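Visitor: Sharing a structure with you now.
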Amino acid sequence: MKSKRKITILGMGMTGIRKADAIDQFTVGDVWSLNNAMVTYPDCRFGRYFELHNGPYIEQWDWAIGPDGKAIPIHVYIEKLNALDCPIYTTCKLPAIKQSVMYPMVDLFKHFNMPRCYFLGSPSLMLALAIYEHDTGPPVDEIRTWGIDTNDPAHSQQRQSWAWWTAQAHARGIAMTGSAMAYMGEYENDDGLRGLREYIEGEIKKGEGVKI
């Protein structure tokens, strides 16, 4: 019988930052993170790391913020990446990153046989990889996320993609925990539908004998 895996995908949104001082208490299994999260979570032990931007973008990347609120120069950022004791997934050859591992872009999207190669943002690519490995290797029984909030202007466009990929995980029976599905609790703006979701959930719970 294949052993089951647990993965935590850790971003830098507020649901992660609020737990930064004791992040190990909120993670499970293999911790995957990205970009300059090593600054936000300096004591976290990462199992995998992701720097999925292209080379020219990384070379001019001067907005990685350090604990003093100042930008981290690119050479310092590369040093921090190389200090991590884990594979670092990239989408292009980046010789400066010693532990660089190529993200399996073509094989992954061929596997899913989607109408289009669809993703918006690095977190969706991380989640897609976890699902791909679930399908092709030891099954994953839980994916926990913190800090992938997609509710700020810079990342709000990524919400639809994140929701699509969480649905793919849910359809496979993978438990999505932490703040992974928090977007499903958003306020209903259609006056004619407001309250319907809560009514349906209440009826389901009553049918299952759950006190509400």
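The values are calculated or read from the model by the stated rules, or taken from the named source; none is laboratory data. Worth saying up front: this structure is predicted, and the values here are computed from it rather than measured. We place every Cβ from the backbone using ideal geometry, glycine too, and count neighbours over all the protein chains shown.
Visitor: Which of the residues belonging to the range 161-212 are within 14 Å of the chain's Cα centre (by Cα), free of Cβ contacts under 8 Å to residues at least 24 places away in the same chain and part of a helix (DSSP H, G or I)?
Guide: Within the range 161-212, ALA163, ALA167 meet the criteria.
Visitor: Assess whether HIS53 counts as being surrounded by 14 or more Cβ atoms within 10 Å (Cβ to Cβ), in a helix (DSSP H, G or I) and modelled with pLDDT of 90 or more.
Guide: When the stated conditions are applied, HIS53 does not pass them.
Visitor: Right, here's the next one. Whether any residue in the range 137-151 is among the hydroxyl-bearing types (Ser, Thr, Tyr), modelled with pLDDT under 95 and on the phi > 0 side of the Ramachandran plot is what I want to check.
Guide: Scanning the range 137-151, I find at least one residue that is among the hydroxyl-bearing types (Ser, Thr, Tyr), modelled with pLDDT under 95 and on the phi > 0 side of the Ramachandran plot, so the answer is yes.
Visitor: So how many residues does the range 12-44 have that are touching a residue at least 24 places away in the same chain (Cβ under 8 Å) and of a type in the set (D, E, K, R)?
Guide: Qualifying residue count, the range 12-44: 2.
Visitor: Return the residues of the range 74-96 that are over 10 Å from PHE50 (Cα atoms), in a helix (DSSP H, G or I) and touching a residue at least 12 places away in the same chain (Cβ under 8 Å); say none if nothing qualifies.
Guide: If the condition is that a residue be over 10 Å from PHE50 (Cα atoms), in a helix (DSSP H, G or I) and touching a residue at least 12 places away in the same chain (Cβ under 8 Å), then ILE74, TYR77, ILE78, LYS80, ASN82 are the ones that fit.
Visitor: For ASP149, are the conditions met, namely being in the same structural domain as TRP32 (by TED's automatic domain parsing), in contact (Cβ under 8 Å) with a residue 12 or more places away in the chain and buried (at least 20 other Cβ atoms within 10 Å of the Cβ)?
Guide: Criteria met by ASP149.
Visitor: Being assigned to a loop (DSSP other than H, G, I, E, B) and not aliphatic (A, V, I, L, M) is the filter; apply it to the range 10-23 and report the residue that is surrounded by the most Cβ atoms within 10 Å (Cβ to Cβ).
Guide: GLY11
Visitor: Going by the conditions given, is SER3 at pLDDT below 95 and either of a type in the set (S, T, N, Q) or assigned to a strand (DSSP E or B) (or both)?
Guide: Yes; evaluated as a whole, the condition is true for this residue.
Visitor: Could you grab me the full set of residues in the range 24-40 that are buried (at least 18 other Cβ atoms within 10 Å of the Cβ) and at pLDDT below 95?
Guide: ASN35, ASN36, ALA37, MET38, THR40
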